[in-house]
Amino acid sequence: MPNRKDTSKRAGTAAGKGESKNHSPASAPAFSPAVQELRALLRRVPDGFQATLHSLAVRPAEERERCLSEMARGLGREILPLFRAAALSPDRELARSAIGVLPVFGTRAAGELLLEVMKAGPDPERTQWLLDSARAFQARGVNIVLADDKPRDARPRLVIREASVSSPDGVGSRSVAVHLQDGYGVWHAIFVMWNDRVGVKDGFRRPFSRRDWEARLTTRETRGLQHHRCPVDYSRWLVHQCRSRNETSGFPLGESLVEWDHYIGPPPAGYVPPDPVQELGLTDPVVLEEALAAGLSLFERPDLAGWFLEAADCVPWMREYHTLTSRMGGDSQAATISRHSEIATEAAAVLIGHADCPLIQARMEEMARILIWEREPEAGRRCAAIGAALASGRTPADIPFLRHMVARTLLVCYQMLLQGEDPDRTRYRPMRRYQIV
């Protein structure tokens, strides 16, 4: 039909000239509800890629091929990684559909996927599908010659473009990501999730468009964490540091860093991350004390508002805390507030032990570096001051930010008990988010 032909031509032209053209609001194609559902599924991290393949596989062949054709015309090279995985899939019906729809792209980049599938291993039936698809490419002016060859590493050649790191959360979880691009302009990302107590917990590579990368840097997660650009060597250094914790914690590393090691590798010999204490002038004791005193304002930041200790660990103080809180008001209010502060100081001395101080110090140093790169030196100075105070041996109870973090956790524990919740059920949940009501 004429309309379909014109739409295909426009989509192909946009994909050929660059991703930004294809994504402009004026030229963005209107997708069917089924394809919108698949695109939303594909954006899900970390399982969206495999979930999308499964969703395609379970659909009837006619619907599956209609969705694949629509994505090929509307998304161009951005969706090629999904077609590649589908064509190599052990699900034969999914593979057949993907191979059959590939000629819709009408590009050499799409045609060369046929060569990858051919070289993945002998399969007479799949070879026939490939030959049929190659003839369809030829009819579109793209000559693809299929020939037998030895199996090769199917991983694409990728060029590193930039890196990002998330701000650490209150229990030491964060993520590192590196954005890469292949020779056809298709974007990929390698993610590493880790926690400073156990080490690397997961790592993988997946297609990740430029648009999704930018959205990730400008949109906060549900935990309030923000992702920030950082030097690539710094991301290498972080992963190198955290993988060593797997050896001491015993948490299995498995194949989490196979893709990272292949494409990113270790930091350069002798690499040392920036020292925020030096960069922000905290060697001056007066500046250090001023920054510590202003540390409570850090809780106003979304990426630090979620910092708490374990609410369940505060239960031993709840009997007196409840008695004091029920007496709030009247002539005794000042004394009650003072005793609340004393309880927070006592709890800080117990709850933040010697083993916790180096972890909190490292988290604050990471936040300080991030804030330097984000050109927020005042907030960075306050974070770096907390790290410097811990490094000098100052007790957590003497640091206003940490003492207030304990006070906030005591209040959360109290409110949970009032509402009939068991604080122990939230113990060490990386995705948890306490709220003060």
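Summary table below
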quantity	calculated
Qualifying position, being surrounded by fewer than 19 Cβ atoms within 10 Å (Cβ to Cβ), of a type in the set (D, E, K, R), at pLDDT 90 or above and in a strand (DSSP E or B), among Arg205, Arg211, Arg229	Arg229
Top-ranked residue of the range 150-166 - restricted to ones that are charged (D, E, K, R) and farther than 24 Å from Cys230 by Cα, ranked as modelled with the lowest pLDDT	Lys150
Residue that is more than 16 Å from the chain's Cα centre (by Cα), more than 23 Å from Gly172 (Cβ to Cβ) and either assigned to a loop (DSSP other than H, G, I, E, B) or not charged (D, E, K, R) (or both), where the choices are Val272, Val286	Val286
Residue count, the range 185-199 (criterion: assigned to a strand (DSSP E or B) and within 14 Å of Gly254 (Cα to Cα))	4
Residues of the range 96-123 classified as surrounded by fewer than 19 Cβ atoms within 10 Å (Cβ to Cβ), of a type outside the set (Lys, Arg) and under 13 Å from Leu146 (Cβ atoms), total	6
Test set (1) part of a strand (DSSP E or B); (2) in contact with a Ser or Thr (Cβ under 8 Å, 6 or more places away or on another chain) - Arg161 fails condition number	(2)
Residue in the range 362-384 that is over 27 Å from the mean Cα position of the chain (by Cα), assigned to a helix (DSSP H, G or I) and among the aliphatic types (A, V, I, L, M) present	no
Residues (part of a helix (DSSP H, G or I), buried (at least 18 other Cβ atoms within 10 Å of the Cβ) and not aromatic (Phe, Trp, Tyr)) located in the range 83-95	Arg84, Ala85, Ala86, Ala87, Leu94, Ala95
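The values are calculated or read from the model by the stated rules, or taken from the named source; none is laboratory data. Treat the numbers as computed from the prediction; the structure is a model and nothing was measured. Counting neighbours? That spans all protein chains shown, and the Cβs are built from the backbone with ideal geometry, glycine included.
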